[in-house]
Amino acid sequence: MTNSFILPAVAFFVMIGAYWILSKIQKRSLLRHRLRFSQKTSHGTGALAADDTKQKKTSLTSSIVEKFKKKNKQTVADFRVRFERCGWDPYSAAIFVPAYKIFSVLLFFFLFFFLNNLSENFTVLEPFVKYVILALMLFIGYRSFDYLTDFKIAHRRDMIIKDIPMAIDLLVVCVRGGLSFDKALDRISQEVIHTNPELARELTITSAELGILPERKLAYANLARRVDSDIIHILTTSLIQSEEQGVAIGKTLMFLSQETSKQKLMMIERKAAKLPSKLTVPVVLLSLPAILIIILGPTIAAVMESDLFGN
């Protein structure tokens, strides 16, 4: 039984090694084709007409390689955005994500191997069931990082959104008090760093980018990318439009403060409207036993004292 699973393991590692070797060979062959092409163009157009079919193959290979590079760059960019939304260093995504996925897949594979050899309940299963379990474990190992980052992004976004109305109100107070918008962000980040460190971090980064980047709207766009939320998109869009149209930021912040207060009040009203339906089940479960004891208790005591039980 053990030998039947050693063979797929060996095949798995052989496929990885073959893919790595073929990728290296393909890169070298592409360089050789480019060198030959450059040499033939230096000799004249006659050689180019003679090797038309080879050039087509080379162009096809180069187009495939370019598409693969573009896809790889897009994947790395997506992981960097996910790292930013998690609050991690985005430049470590290109190294950390492949390393984590390879380690996770190998960990689940060796876990399956140990279960197959040590667990008696696992060894009696059918081979088809074992292969299905192996496929599920490898899939979970490969996708576990995505699930973890999704949970982290959602949790961090909820933490930031929770205090956004308060931060907008504080911005209104600071701007009306004479501080610039950049200084107001720094001041608020110092005030909320103990209660909401994630919000303080985003405000500090935005304040630094406003003073470094050539265009202020890039800093607002980066904030909207890092915190993917409707209220943040509304805030950044309003700030960009106010700076482009020359509207005072204090008026924009005042309008946003009123709107966020209305949205927060509506959210509280929606939660309050759902309370009766949510409290129905616990009230019934907690009050019904007590009501039954009060109603049926005397009757049960009278029946127990009657002649029916020999009393």
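The values are calculated or read from the model by the stated rules, or taken from the named source; none is laboratory data. Keep in mind that this is a model prediction, so the values were computed, not measured. As a convention, Cβ positions derive from the backbone with ideal geometry for all residues, glycine included, and neighbour counts pool all protein chains shown.
Do we have any residue at all in segment 132-142 that's in a helix (DSSP H, G or I) and either closer than 30 Å to Ile234 by Cα or of a type in the set (Lys, Arg) (or both)? No; the residues of segment 132-142 include none that is in a helix (DSSP H, G or I) and either closer than 30 Å to Ile234 by Cα or of a type in the set (Lys, Arg) (or both). In summary, Lys152 fulfils each of the numbered conditions (1) part of a helix (DSSP H, G or I); (2) farther than 18 Å from Gly87 by Cα with the single exception of condition (2). Among the residues of segment 177-190, are any within 23 Å of Phe79 (Cβ to Cβ), at pLDDT 85 or above and not aliphatic (A, V, I, L, M)? No, because not a single residue in segment 177-190 is within 23 Å of Phe79 (Cβ to Cβ), at pLDDT 85 or above and not aliphatic (A, V, I, L, M). Every condition in (1) without any contact (Cβ under 8 Å) to a residue 24 or more places away in the chain; (2) over 21 Å from Arg176 (Cα atoms); (3) of a type in the set (A, V, I, L, M, F, W, C) is met by Ile232 except one, and the failing one is (1). The sole residue among Leu179, Leu125 that is farther than 30 Å from Glu243 by Cα and either of a type in the set (A, V, I, L, M) or not in a helix (DSSP H, G or I) (or both) is Leu125.
Examine segment 94-107 for a residue that is modelled with pLDDT under 80 and within 30 Å of Val227 (Cβ to Cβ), and state whether such a residue exists. The answer is yes; a qualifying residue exists.
Name the residue that is surrounded by the most Cβ atoms within 10 Å (Cβ to Cβ), counting only residues in segment 242-275 that are β-branched (Val, Ile, Thr) and touching a residue at least 40 places away in the same chain (Cβ under 8 Å).
Of the residues in segment 242-275, the ones β-branched (Val, Ile, Thr) are 247, 249, 252, 260, 268.
Cutting the leftovers down to touching a residue at least 40 places away in the same chain (Cβ under 8 Å) gives us 249, 260.
Details: Ile249: 17, Thr260: 19.
Restricting to residues being β-branched (Val, Ile, Thr) and touching a residue at least 40 places away in the same chain (Cβ under 8 Å), the top hit is Thr260.
Please find, among Ile161, Ile168, Ile153, Ile133, the residue that is out of contact with any strand residue (DSSP E or B) (no Cβ under 8 Å at 6 or more places or on another chain) and more than 30 Å from Ile193 (Cβ to Cβ). So that I can check it myself, show each step before the final result.
On the way: Ile161 fails: more than 30 Å from Ile193 (Cβ to Cβ); Ile168 fails: more than 30 Å from Ile193 (Cβ to Cβ); Ile153 fails: more than 30 Å from Ile193 (Cβ to Cβ).
On inspection, the qualifying residue turns out to be Ile133.
What tally of residues in segment 84-111 results from selecting those that are in contact (Cβ under 8 Å) with a residue 60 or more places away in the chain and either of a type in the set (A, V, I, L, M, F, W, C) or not in a helix (DSSP H, G or I) (or both)? So the answer is 3.
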